[in-house]
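The values are calculated or read from the model by the stated rules, or taken from the named source; none is laboratory data. Owing to the predicted nature of the structure, the values given are computational and were not obtained by experimental measurement. Quick reminder, even Gly has a Cβ in these numbers, built from the backbone with ideal geometry, and neighbours come from all protein chains shown.
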Amino acid sequence: MIGRGQSLDGEAVVADEIELVMEHLTNHLRGRLHGASISVHRDGVVIRGKAGSYYVKQLARHAVMKGVSLPIAANTIEVPEPYRVHGH
């Protein structure tokens, strides 16, 4: 899928960026982020996976922000129930 203002060459660049970020996530968050994926959509990229904590979810988000030239449309990384904050 081609993002806003992206040419086919731009799409290849984004694919390369995503590949590098995925390598980074795999190497640096090993064992703490599972099933990670980044997909390109009309409004930007969507991050998916399962994280052991909100901190890991945030680390993944920052890696994508830094390494991918498209905006993050959604971060749908799931965090297990014990780490979710419940309203008081």
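Of the residues making up segment 26-61, those that are more than 16 Å from Ile72 (Cα to Cα) and among the aliphatic types (A, V, I, L, M) are Leu29, Leu33, Ala51, Val56. Residues in segment 18-51 that are assigned to a helix (DSSP H, G or I), touching a residue at least 40 places away in the same chain (Cβ under 8 Å) and surrounded by fewer than 19 Cβ atoms within 10 Å (Cβ to Cβ): how many? So the answer is 2. Scanning segment 52-59 for any residue that is at pLDDT below 95 and part of a loop (DSSP other than H, G, I, E, B) turns up at least one such residue. Just one of the numbered conditions (1) closer than 17 Å to Val14 by Cα; (2) of a type in the set (A, V, I, L, M); (3) out of contact with any His (no Cβ under 6 Å at 6 or more places or on another chain); (4) not in a loop (DSSP other than H, G, I, E, B) is not true of Leu70: (4).
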